[in-house]
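Here the structure comes first, spelled out in structure tokens, and everything after it is commentary.
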Amino acid sequence: MKRLFAVALLAGLLSACSTPAPLLTQIDRSVVSVSQEPRIQFLILHYTAINEPASLRVLSQRDVSAHYLVGDQNPVKVWQLVDESRMAYHAGLSEWKGYSRLNASSVGIEIVNQGFQDTPQGRVYFPFPQAQIDQVIALSKDIVKRYNIKPEFVLGHSDIAPSRKQDPGPLFPWKQFADAGLIIWPNADEVARLTPVYTQQLPEARWFQQKLAKIGYGVPQSGQFDDATRNVIIAFQTKYRPAKFDGMADAETAAMIDSVAAQTR
């Protein structure tokens, strides 16, 4: 009797397993919501700080990645390492305009560049070949156009993580990106007009913090020129005034910050 019961139970289980899964109802895609936008909102630029073969190996075989790698050899080669529909691990702990963890909403471009070398004469940064920059600009313009990325959302790693990152560094030619319509740039006439004003009376720390936050930087609103605020000022200066990026809140920096903030939505 027990054997017959076991056989019957097994038959029942097999019968249940063989029941076909319900079919998915046909999906109607004729109505489209107006409340949507592309998942990709940011373009983040980096330098690799290592040579081309090492960059390719690390970005394809380690726990860090980027959607694109732009080489520094002649002719310049561009690799796509991660499909744009997938998340790459390039931004890390990051913040911009209240958005955080920007890996999920960005395309990352790594640029082969050794970064810098500390020498007895001081820190020496490595330049970017113009042919390489031409490729980065062309790639950036294509990505920005396809996703309608705002100029204030085309950023360097140092913009989104100023306390721990400094790439793509002071020799990265951001002005060329401004000339290509990819980023906001301080208005030279406004900077010339405002610099004497701020020379007479430099704004307080809170003014700098509020303006930098409006631009997008994750900066504390402490009212003090603390280390975190100085790191943000360094990031801003490195991008817009690479001739001097000491983190000091001087009049020219204030004028540049004011000009960029005025153009930021």
**OP:** Calculate what fraction, in whole %, of the accessible area of the chain sits on carbon and sulfur atoms when a 1.4 Å probe is rolled over the protein chains.
**Re:** 55
Original post:
Amide H to amide H under 5 Å from L81: which residues, 5+ apart in sequence or cross-chain, H placed 1.01 Å off N in plane?
Top reply: Y68, L69
Original post:
Taking θ as phi - 60°, what are the ³J(HN,Hα) couplings along segment 42-53 by the Karplus curve (6.51, -1.76, 1.60), each to the nearest whole Hz, with x for Gly and Pro?
Top reply: 10, 10, 10, 10, 9, 10, 7, 6, 9, 6, 5, x
Subject >> Diffusion constant of segment 76-234 at 37 °C, which comes from Stokes-Einstein with the Kirkwood Cα-pair radius and 0.692 mPa s, µm²/s >> reply: 186
**OP:** For segment 229-237, take each phi angle, set θ = phi - 60°, evaluate the Karplus expression 6.51 cos²θ - 1.76 cosθ + 1.60, and give the result in whole Hz per residue in order, putting x for glycine and proline.
**Re:** 5, 5, 5, 5, 4, 4, 4, 5, 4
Subject >> Positive-pole candidate from S85, L43, P75, dipole of segment 33-85, charges at beta carbon >> reply: P75
Subject >> Cα convex hull volume per residue for segment 162-265 (Å³) >> reply: 94
Original post:
Can you pick out the pairs among K97/K145; K214/K239; K141/K244; K77/K165; K150/K214 whose Cα atoms lie more than 19 Å from each other?
Top reply: K97/K145; K141/K244; K77/K165
Original post:
Given segment 78-121 reduced to its alpha-carbon atoms as identical point scatterers, what log10 I(q)/I(0) does the Debye formula return at q = 0.15, 0.27, 0.33, 0.34 Å⁻¹?
Top reply: -0.53, -1.00, -1.19, -1.22
**OP:** Taking only protein heavy atoms into account and a 1.4 Å probe, give the accessible area per residue of segment 102-235 in Å².
**Re:** 47
Original post:
Each residue of segment 69-77 in turn: what ³J(HN,Hα) in whole Hz from Karplus with 6.51, -1.76, 1.60 and θ = phi - 60°, glycine and Pro shown as x?
Top reply: 10, 10, x, 10, 8, 10, x, 5, 10
Original post:
Kirkwood Rh, segment 141-217, all Cα pairs: how many Å?
Top reply: 14.6
Original post:
Taking the Cα centre of each part, how many Å lie between segment 135-181 and segment 184-263?
Top reply: 19
**OP:** Equivalent ellipsoid semi-axes for the chain, as square roots of 5 times the alpha carbon gyration tensor eigenvalues: give them largest first, rounded to whole Å.
**Re:** 48, 24, 19
Subject >> Top of I183, I160, I109 by mean-square fluctuation, Gaussian network on the chain, Cα under 10 Å >> reply: I183
Original post:
Given C-alpha coordinates of segment 15-106, what is the ratio Rg to Rh with the Kirkwood estimate of Rh?
Top reply: 1.20
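The values are calculated or read from the model by the stated rules, or taken from the named source; none is laboratory data. It should be emphasised that the depicted structure is a prediction, and the values quoted were computed from it without experimental measurement. Note: ideal-geometry Cβ built from the backbone for every residue, glycine included; neighbour counts use all protein chains shown. Accessible surface is based on the protein model in full, side chains and every heavy atom, while ligands, DNA and RNA are left aside. Shrake-Rupley method; radii C 1.70, N 1.55, O 1.52, S 1.80 Å.
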